[in-house]
1. Any idea which residue in the range 52-64 is farthest from the ligand (Cβ to nearest atom), counting only those that are outside any loop (DSSP other than H, G, I, E, B) and in contact (Cβ under 8 Å) with a residue 12 or more places away in the chain?
2. Does the range 72-98 hold any residues that are near the ligand (Cβ under 9 Å from one of its atoms) and more than 17 Å from Pro34 (Cβ to Cβ), and which are they?
3. Conditions: (1) at pLDDT 70 or above; (2) open to solvent by less than 90 Å² (accessible area, probe 1.4 Å). Lys75 meets all but one. Number of the miss?
4. Being under 17 Å from Ser83 (Cα atoms) and either more than 8 Å from the chain's Cα centre (by Cα) or within 6 Å of the ligand (Cβ to nearest atom) (or both) is the filter here, so list the residues in the range 38-51 that pass it.
5. Could you tell me whether any residue of the range 16-23 is more than 11 Å from the ligand (Cβ to nearest atom) and modelled with pLDDT of 95 or more?
Amino acid sequence: MRRTLAASTLLAAVSLSSAAFAQTPANGDFRPGPEKPLVQKNCTACHVATQVTAKRKTAEQWGETVEKMIGYGAKLSDAEFESVVGYLAKNYGPDSPK
Ligand code: HEC
């Protein structure tokens, strides 16, 4: 019982702090779009959003990057891969504003 309580308290603390973390503007936020929740969920598991949003890449380069992330452990289906790469190329392409 004690252990269960401690575990759930810890979980609550972790999810609260990560929510605060994600909302800090310095950590960046993804540009709006239908794929934003998917990208947010899958691309902030290991690093902050700015690791992604500070970059500018072509669709091909984003494809290579996301493939590398899958190699690190990102979990994306083929359809999700296409959506994520499309979103990134559209919002963080070579001509996108900083
Ligand atoms: C399983 C952990 C993990 C997940 C999930 C993950 N990344 Fe990463 N990412 C890393 C690590 C580790 C590095 C640093 C090593 C490197 O630069 O290759 C990194 C670095 C990066 C970089 C900077 C290096 C570069 O190649 O430009 C970008 C951009 C990036 N990630 C984008 C993404 C995107 C987009 C997603 C969502 C599809 C994502 N990451 C999800 C682990 C992850």
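The values are calculated or read from the model by the stated rules, or taken from the named source; none is laboratory data. These numbers come from a predicted model, not from an experiment. All Cβ positions, glycine included, derive from the backbone under ideal geometry; neighbour counts span all protein chains shown. Ligands, DNA and RNA are stripped out before the accessible areas are found, and what is left, the full protein with its side chains, is counted by its heavy atoms. Shrake-Rupley method; radii C 1.70, N 1.55, O 1.52, S 1.80 Å.
1. Ranking the qualifying residues of the range 52-64, first place goes to Ala59.
2. Tyr72, Gly73, Ala74, Lys75
3. (2)
4. Asn42, Cys43
5. no
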